[in-house]
Every structure is written in structure tokens, then in C-alpha cells.
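Taken together, the values in this text are just the output of simple stated rules run on the coordinates, not laboratory data. Computed from a predicted structure; not experimentally measured. FYI the Cβ positions are ideal-geometry reconstructions off the backbone, even for glycines, and counts take in every protein chain you see.
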Amino acid sequence: MTGDVVIVGASVAGVALARTLRSSGFTGRVRLVDRETEEPYDKPPLSKGRLEEPVRLLTRPEAERLGLELLLGVEATGLDTAARRLALSDGSRIGYGALVIATGVRARRSPWIGPGVHVLRTLADARALHADLAQGGDLVVVGAGFIGAEVASTAIDQGCRVTLVDPLTSPPARVVGQSVGDRILTWHERAGVNLRLGRVVEALDQLADGISVRLDDGEVLRADHVVVGIGAEVDVDWLAGSGLHLEDGIACDPHGRALGADDVGEGRVGEGRVGEGRVGEGQVFAAGDVARWAAADGAPGRRIEHWNSAQEQARCIAATLLDPERPQSPSAVPMVWSDQHGRTVQVLGAVDPGVEPRLVEDGDRLLALWDDGGRVTGAVSLGWPRGALAARRAIANGAAVTAVVDTVAPREAAR
Amino acid sequence: MPILKADAAACQGYASCVIAADDYFDIDDDGLVVLLSTEVPEADRERVDRAARACPAAALRLEGA
Ligand SMILES: Cc1cc2nc3c(=O)[nH]c(=O)nc-3n(C[C@H](O)[C@H](O)[C@H](O)COP(=O)(O)OP(=O)(O)OC[C@H]3O[C@@H](n4cnc5c(N)ncnc54)[C@H](O)[C@@H]3O)c2cc1C
Ligand code: SF4
């Protein structure tokens, strides 16, 4: 079993890991297990605009060419870290040299179900939703997080009438702060999205000709379609009894090694060498949305549900597997994006929504900068890619706010 | 030699490619990717391929890689 890497979850993190192992020269066995029967696909495009051919992260022919074994339509159902065995839904048990769990999260279950009521996480979800949106009519989106906001934007583009409901009075402010959040809300208003903010959905009832959505203030909205975008939740029941620490995802050290499994692997790392097909044995790692990596100083971290982070964690694990003496931790400036009403929102570094940022504006474009003693620590860009790039570089280099302002808007007096 | 291609229609200006390899990628004022070179010598292949895969919009391809 030496050097045999098994990855559960063949999506953003899992595929990036497998590819990086190969491009780094690893020749050992690599298996990717996923419950989806679809070839691995990318998720961000599912909420952004018309659903076209899915972006494939890995195709079967490519997997074959790279020597990656794709086990699709198979679910991991149990883990025995002492025996280094994974139980699969087809009744088989497979051993591993190193295991990487990259199983993501699932859409938080909607409290209401029925025809026309959707959640959005998988390609199958997206196909069902987009088929409905193509019919036009009235859409109610419950939850104005990034995904809900993107769906609202997509649907209005396709000619639906859209109402966005959220218990917060300014949902984007929770992430980007009040002033920038208000700006994003005006995009919805200008695009014609009906906002029902500070309102809670109390009941959803199926009617003969649609769905009625009752809000806490008594208003009743009629809908043909409803999207329930109320966040995601971890789905790690199958790991119960494995010894892994499962508080809000899989708790890991700063290199993605799962806590609770290290008693098995520790002491054996260091045997591996690139090309020999040997890696840190018996170790269990976790990457992507399901993983909660500790900070570099060991302090407990938070789960991060972002595409860039999933990729970067995967690359760190690949490097750590191949050179266990030098375990890697993420170092890139965190970046999340969202596309709404034809504009891109980018959130970079550490943004404190409770602190008002410094704003730089250029017509419609806006860059908000957060700093610590004058050095840029976080930024939000609204429709200003070069501003975002300058901020991202500044955060990485610890540059001053004034330097960014000079770069992006030399004529603009900073406020 | 591997050839780098960009799909201008898909590019969203996230600039992840620029961060990963600023000797091959830049973005213009409208946030559209600009390829600084399209021929990628073998020595840069892995780095540029990684940069291309870091594009969240799947707008970049390194062909013949
Ligand atoms: C509609 C949508 C839009 C998004 N937009 C953005 C965006 O604009 N920007 C951004 O940064 N992020 C965005 N995200 C988040 C981003 O897609 C995730 O952070 C990323 O997909 C995480 O990758 P992952 O590999 O950790 O998990 P996932 O992509 O969730 O993949 C997990 C895989 O594991 C499989 N799996 C789960 N359990 C098992 C099991 N027991 N056995 C076998 N297989 C299993 C699943 O089938 C799945 O294929 C978006 C997400 C969605 C759903
Ligand atoms: S990473 Fe992709 S979307 Fe972003 S600028 Fe580069 S090509 Fe365009």
C-alpha cells in the first residue's frame, strides 16, 4: 500500500491535489472517489449566468492520461484509521497509504420542499433550477448571500421577476461592511430586483398554480419558483467513530493533517521521496470546504468555503505528502469573488465588516481598503479588476494604503 | 513548445493568473487578461500551467502541455 493516495471528493480540492501530485512527479497510485456520477465539474459557474456546458475539472480521458483512477458513483461510508481502510457504498473496502478527505459541504436543507423549490450546490441542482428559470415567471430567492444574489441576477437577466428575501437589512454588509454593502444593494435595485430585507419567510405553501411565500410581516408573495439559499452545512456523519475531530468540519493542524488520526501516521513520515511513489504513510488530511485548518501558530482556525482556498490547501497537501520534512501552509492572499449584475465583487485578505474602510472611487468602480497602522490588510473591489490586483499585491507585500491609492487613482484625492 | 491561449469572452478579470505568473499575464484597464507571451518554454511549463488552472473562469489553456 506504500505511496497509495486515496482522495475522497473529486472536486475543486480533490482534483487540484491529484493534478499537483502528478505534475510534481509523483508516480504512485492515486484514486479519486466521488459519489457523483458526473465527471468532476466546477461549481462557481452554476450560479453565474445561463447554465452552459459545465466546466470540467477532469475528464475520464485526461484522468487516464495522467494515471489517475476515477471511482465515480461511489460514496465513502466509513473510515478505520487504525487499519487504514475506507469503506465504500459498493460494499468494498479499500486500503490507503495516505488519505485526503475533500468532501466539501452540502446545501443546508430547505425547511420546505416541493415542486419549484430549489437549493443549489450540485450540477443536478443547477440543471433543475435553470430549466425552471428558462420558463420565466416569478422567482423568490430566500437568502441573499453571494449565491442567492447571483441567482437573482441571473434570473432577472433571463426575464424572470425576482424578489430577494433576507432577515438582514443589508446582507452584503455582513461580509464587506455597510458602505460597500449598500452599494451592492443599489445594483439589485437598479436591475429591478424587489428587495424584502429584514424579513423572514414564515411559510411556503404549494398552490394549484404556483407557490405562496408568507413573510413575517404578513406579506404574501406569489412565486413560480423558489430558491432557498440559506448556506451550507458539513456532512461528515460517515466519519463518526473514526477518531477524527469533527467539530464544524474536520479539525486539522496548520498543514491539513487531520487531528485524531496522527497517532497512526506520526513517526512514519519522512520515508517518502518524490518519484519513488512513497509518501507520509497512514496519514489523513482534509482540504477544501470540509476542512478546518489551524492557523500557522496552531490556533484553531475556521472552515473556509472558497474556491481559491480549496485549491491552495490541496497544493499544500501535495507538497507536504511529497516532502514531509517541510510541511506547507497556505500563504496566498485569500480571494473570493462573486459576479452580480455584470459586475465582479472581489474580497481580498482580511476584511473587517465592522470597521469602515477607506474608499477610492473612479466613476462606477470602487475600491475599499482596510488597513492596520496604514498597511493594507484587506480590500473589496467592486467592478475594478486593476484596483483589486493592486490591493492584492499590496496585502501580500505589506504596502501602504497610500501606495495603492497612488497606483490605482493617481489623480484622485484619497478620502 | 506549449502554447498559451486565453478566452477573452470568459475572462472576468480576477487576476489570479497575474498573481501566479506576472511574467506571462497582465490585465488591462477593463480587467481583460493580456498574455505577455504565448510560447512557454519547457522550464516554465509547470508554473504557467498552474497559473492557468488558477483561473476561476477557466479562461486559460496551456496547449501541448
Ligand atoms: C453555486 C455555487 C457558486 C459558488 N461560487 C463561488 C465563487 O464565486 N467564489 C468562490 O470562491 N467560491 C464559490 N463557491 C464555493 C466553491 O465552489 C467551493 O469552495 C469549492 O467547490 C470547494 O471545493 P471542495 O473540493 O472542498 O468541495 P466540493 O466542491 O463541495 O466537492 C466535494 C465533493 O465530494 C463529494 N463527496 C461528498 N461526500 C462524499 C462521500 N462521503 N463519498 C464520496 N464523495 C463525497 C461530493 O460529491 C463533491 O463532488 C460556489 C459554490 C457554489 C455551490
Ligand atoms: S485569472 Fe482568468 S479570469 Fe482572472 S484575469 Fe486571469 S484569465 Fe481573466
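Could you look through segment A:395-408, keep only residues that are within 13 Å of another protein chain (Cβ to nearest Cβ) and over 25 Å from A:Gln340 (Cβ atoms), and pick out the one that is farthest from ligand 1 (Cβ to nearest atom)? Write out each step before concluding.
Filtering segment A:395-408 down to residues within 13 Å of another protein chain (Cβ to nearest Cβ) leaves A:395-397, A:407-408.
Add one more test, that the residue is over 25 Å from A:Gln340 (Cβ atoms), and what stays is A:396-397, A:407.
Working: A:Ala396: 18, A:Asn397: 23, A:Thr407: 25 Å.
Checked segment A:395-408; the qualifying residue farthest from ligand 1 (Cβ to nearest atom) is A:Thr407.
Which one is farthest from ligand 1 (Cβ to nearest atom) among residues in segment A:52-70 that are within 23 Å of the chain's Cα centre (by Cα) and farther than 30 Å from A:Val345 by Cβ?
Of all residues in segment A:52-70, those within 23 Å of the chain's Cα centre (by Cα) come to A:52-59, A:70.
Next cut, farther than 30 Å from A:Val345 by Cβ only: A:59, A:70.
Numbers: A:Thr59: 15, A:Leu70: 12 Å.
Ranking the qualifying residues of segment A:52-70, first place goes to A:Thr59.
When you go through (1) on the phi < 0 side of the Ramachandran plot; (2) within 24 Å of the chain's Cα centre (by Cα) one by one for A:Gly49, which number turns out not to apply?
(1)
Identify, from the list A:Leu389, A:Leu367, the residue that is touching a strand residue (DSSP E or B) at 6+ places or on another chain (Cβ under 9 Å), within 12 Å of chain B (Cβ to nearest Cβ) and either buried (at least 16 other Cβ atoms within 10 Å of the Cβ) or in a helix (DSSP H, G or I) (or both). Spell out the reasoning first.
Values: A:Leu367 fails: within 12 Å of chain B (Cβ to nearest Cβ).
Going through A:Leu389, A:Leu367 in turn, the sole match is A:Leu389.
Name the residue that is nearest to A:Asp289 (Cα to Cα), counting only residues in segment A:327-361 that are among the charged types (D, E, K, R) and within 14 Å of chain B (Cβ to nearest Cβ). Break it down into steps so the answer makes sense when it comes.
Start the filter on segment A:327-361 by keeping residues that are among the charged types (D, E, K, R), which leaves A:339, A:343, A:352, A:356, A:358, A:361.
Those left that are additionally within 14 Å of chain B (Cβ to nearest Cβ): A:339, A:343.
Details: A:Asp339: 20, A:Arg343: 25 Å.
Selected residue: A:Asp339.
Which residue is farthest from the other protein chains (Cβ to nearest Cβ), if the candidates are limited to segment B:54-65 and must be more than 11 Å from ligand 2 (Cβ to nearest atom) and in a strand (DSSP E or B)? Talk me through it step by step, then tell me what you get.
Going residue by residue through segment B:54-65, those that are more than 11 Å from ligand 2 (Cβ to nearest atom) are B:62-65.
With the extra rule that they be in a strand (DSSP E or B), the set shrinks to B:62-63.
Details: B:Leu62: 11, B:Glu63: 13 Å.
Only one residue tops the list, namely B:Glu63.
Mind listing whichever residues of segment B:31-53 are within 13 Å of ligand 2 (Cβ to nearest atom), more than 11 Å from chain A (Cβ to nearest Cβ) and either at positive phi or buried (at least 22 other Cβ atoms within 10 Å of the Cβ) (or both)? Step through it out loud before you land on a result.
Filtering segment B:31-53 for residues within 13 Å of ligand 2 (Cβ to nearest atom) gives B:31-36, B:48, B:50-53.
Remaining after also requiring more than 11 Å from chain A (Cβ to nearest Cβ): B:34-36, B:48, B:51-52.
Answer for segment B:31-53, where residues must be within 13 Å of ligand 2 (Cβ to nearest atom), more than 11 Å from chain A (Cβ to nearest Cβ) and either at positive phi or buried (at least 22 other Cβ atoms within 10 Å of the Cβ) (or both): B:Val48, B:Ala51, B:Ala52.
Do you know which of the residues in segment B:2-24 that are in a loop (DSSP other than H, G, I, E, B) and more than 9 Å from ligand 2 (Cβ to nearest atom) is farthest from A:Arg392 (Cα to Cα)? Let's see the steps before the verdict.
Restricting attention to segment B:2-24, the residues satisfying the condition of being in a loop (DSSP other than H, G, I, E, B) are B:2, B:7-15, B:21-24.
In the following step, the residues that additionally are more than 9 Å from ligand 2 (Cβ to nearest atom) were identified as B:2, B:9, B:21-24.
Working: B:Pro2: 29, B:Ala9: 24, B:Ala21: 14, B:Asp22: 13, B:Asp23: 17, B:Tyr24: 18 Å.
This residue is B:Pro2.
What do you reckon, is B:Ala10 within 16 Å of ligand 1 (Cβ to nearest atom) and over 15 Å from A:Pro385 (Cα atoms)? Spell out how you get there, then give the answer.
Numbers: within 16 Å of ligand 1 (Cβ to nearest atom): yes; over 15 Å from A:Pro385 (Cα atoms): no.
No.
Could you list, in sequence order, the residues of segment A:284-304 that are within 14 Å of A:Val336 (Cβ to Cβ) and in contact with a strand residue (DSSP E or B) (Cβ under 6 Å, 6 or more places away or on another chain)?
A:Arg303
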